Structures are given as structure tokens and as C-alpha cells.
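K.L.:
My structure is below; once you've seen it, I'll send some questions.
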Amino acid sequence: MTPRKEYYKQNAKKILTALAKRHMVGYYCETKEIALKKAFEIMQEGSTVAWGGSQTLKEIGILEELKKHNYTLLDRDSAKSPEELEKIYHDTFCADYYLMSTNAITLDGKLINMDGRGNRIAALIFGPKNIIVFAGMNKVVPNEEAGIERIKSLAAPMNAIRLQTKTPCTATGHCQNCSSPSSICSNLLITRLSKTPNRIKIILIGEELGF
Ligand code: SF4
């Protein structure tokens, strides 16, 4: 085992213990392929699945895989009109499973997320029966402050660049605290407990994934 893999494994052990105290379920998978398999073990066939925009989900390849199985998918990219898109956004709150990543996860098991529109953090708080969070070990931070700094200095500017927003961070590479209409930073959420026990499931992955 490489030093990096061993380091990830040791940190994951701490996080899994912390998640249990926060009424969340944690898994550690060494690779994204094992994580993908784990997700399909969790999600019952025939259920409804929705997801938030995420580079990690793309890198795992779960969206393509879902289409090969027997699930009802709430896919925003399939909407043919603004009305249909709006309906998918709202139907998402009744999904059996909602897939997402997280901007950061602390060593003591808190999730830290910043959203522009807010659909992703709204679903994390309330609605879908189960939330499955995929997090590469590059998302691990020592504490809340480091998580917020990770968002400002890395996750948000990288996502802004990915989404080609007209925000100052796409030029500077660091948050400029903008109030641009295109800003992807409207709401900051810190999730410290799963109010419904075991509703939030975290799959930690021993690789660098997403931003
Ligand atoms: S500059 Fe604006 S969009 Fe970019 S990270 Fe800061 S608040 Fe978010």
C-alpha cells in the first residue's frame, strides 16, 4: 500500500467513527470502481434516483451506469422545456435516492457545502428519502474553517470555471466575495447531523475526485 493510500485509510477510519455519532452511515472504498459497486448495493432496483451537479459523479461514471439499470431517473438534462425542468427540480424532493458530492468533509464528520441555486443543499436538508454523498479523500479538511477556505480557494472557483460563469474568481482563481447574478455562492450549509437516522450515507473514496 502506498503512503497516500495508508494515509487516506487512517483518516477515513476516524471519519467513519465520527459519522456514526452524527447518525450518518459511512463507507470507505479504496477506488471509484468499488464505490460505484457499493452505490448499486445500496440503491434498490426500481427506485427513483436524482442527483445534483457534480464533477465527482461524472468522474465515477455513475450517471451512465444508472441508465443501464432498472431505475426511474429524474434527469434535468432530459428536460425539453423550462416547465419540465422546474417539474424535475420539484420532483427531486420525492426521490428515493439523491446523489451528490460535498465541497468538504471534516475529520469529525461534518459536511460543508456552498450552493448557488440551492437545489442541492435543499435536497440534502429535506426531501429525498436517502442521500448518497460520494467524497474523494481530497475533500477531507481538519475543521469547518478549513472547509470554508477550501470552498473559497478551490472548490467554488474551479466550479465557476467549469460552469463558465462570469464571476471574478474565474479570472483570479480565488473567491472575491462577489454578488454577481452569476455567483454560484448564495448559501453555505454545514451539516452536523442526519436528523432522520441513516438517511445520509457517505461513501468516502481513497482517490482524488472532483474539486
Ligand atoms: S467570486 Fe463569487 S462566484 Fe466566485 S467563489 Fe467568490 S462568491 Fe463564489
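We did not get these values from a lab; they are worked out from the coordinates using the rules stated. Not measured: the values here are computed from a predicted model. All Cβ positions, even for glycine, are placed from backbone atoms using ideal geometry, and neighbour counts span all protein chains on display.
K.L.:
How far apart, in nanometres, would the label points at S153 and R76 be if each is projected 7 angstrom from Cα along the Cα-to-Cβ direction?
P.N.:
Simple spin-label model gives 2.9 nm for this pair.
K.L.:
Say R0 is 35 Å: what FRET efficiency, to the nearest 0.05, do A171 and C94 get from their beta-carbon distance?
P.N.:
0.30
K.L.:
Based solely on its DSSP helices, what 222 nm [θ] is calculated for the chain when runs of n ≥ 4 H residues each add -39,500 (n - 2.57) and the sum is averaged over all residues, nearest 500 deg cm²/dmol?
P.N.:
-10500 deg cm²/dmol
K.L.:
What's the magnitude of the charge dipole for the chain around its Cα centre, counting Lys and Arg as +1 and Asp and Glu as -1 at the beta-carbon? Answer in Debye, nearest 20.
P.N.:
In total the dipole reaches around 500 debye.
K.L.:
Viscosity 1.306 mPa s, temperature 10 °C: what is the translational diffusion coefficient of segment 3-205 from Stokes-Einstein with a Kirkwood Rh over Cα pairs, rounded to a whole number of µm²/s?
P.N.:
91
K.L.:
Once R0 is set to 22 Å, what does the formula 1/(1 + (r/R0)^6) return for the Cβ-Cβ distance between L163 and N187, expressed as a FRET efficiency to the nearest 0.05?
P.N.:
So the FRET efficiency works out to roughly 0.85.
K.L.:
Expressed in nm to one decimal, what extension gain is obtained for the pair Y7 and S179 from 0.36 nm per residue of sequence separation less their Cα-Cα distance?
P.N.:
In short, 58.1 nm is gained.
K.L.:
Bin width 10 Å, origin at 0, all Cα-Cα pairs of segment 81-144: what percent of pairs per bin?
P.N.:
21, 44, 26, 7, 1
K.L.:
Between segment 158-189 and segment 85-152, what is the C-alpha centre distance in whole Å?
P.N.:
18
K.L.:
Quick one: what does P(r) look like for segment 142-211 with 5 Å bins over all Cα pairs, in whole %?
P.N.:
Distribution as computed: 3, 14, 21, 20, 18, 13, 9, 3, 0 percent.
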